[in-house]
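Below is one structure; the comments refer to it alone.
The values are calculated or read from the model by the stated rules, or taken from the named source; none is laboratory data. Here the structure is a predicted model, which means the values were calculated and not measured. Here the Cβ positions follow ideal geometry from the backbone for every residue, glycine too, while neighbour counts run over all protein chains shown.
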Amino acid sequence: MMRAILLVLLLLARPAWAISDPAEALPDPAAEARAVEIGSQLRCLVCQNESIEDSGADLARDLRHIVREHVAKGETDAQITAWMVARYGDFVLLRPKVTWGTALLWASPVLALLVAGGLALGLRRRSPPAAPLSAEEQQRLARLMES
């Protein structure tokens, strides 16, 4: 009996969807899967570390609705993504395109270390050499070294 109950519960269990209203889902399963895939690549602008498919924010719900409208119109994934980027900027992409700006952003810590190292070496070379020890200082140093 217990196994039968467990089996029924497992069969009734479904994956959790961020769609709050099942009516939001597209009737065509292939189109809905495409909308989910596109939405999983777009950042929720409220939560910032979640895709619009994973977020429960109102803005994410609105963006999911917009993605589904564009999918229903027959637009390509690239067209939908381009529309979102044009509207919200590259920040809406969970995986932004690699451009000179993003490459510079990722390389900036290394560049900062190189600049700091170069400055440290430059300042070290500019400092005047230490004056040689006088005879009295050499004797004092020798006494200290013996102790």
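Please indicate, with yes or no, whether at least one residue in the stretch 81-100 is surrounded by fewer than 11 Cβ atoms within 10 Å (Cβ to Cβ) and in contact with an Asp or Glu (Cβ under 9 Å, 6 or more places away or on another chain).
Checking the stretch 81-100: at least one residue is surrounded by fewer than 11 Cβ atoms within 10 Å (Cβ to Cβ) and in contact with an Asp or Glu (Cβ under 9 Å, 6 or more places away or on another chain).
If the Cβ limit is 7 Å and pairs must be 6+ apart or interchain, which residue in the stretch 38-65 that is in the same structural domain as Ile80 (by TED's automatic domain parsing) and hydroxyl-bearing (Ser, Thr, Tyr) pairs with which residue that is crowded, with 18+ Cβ neighbours inside 10 Å and modelled with pLDDT under 90?
Ser55/Ala18
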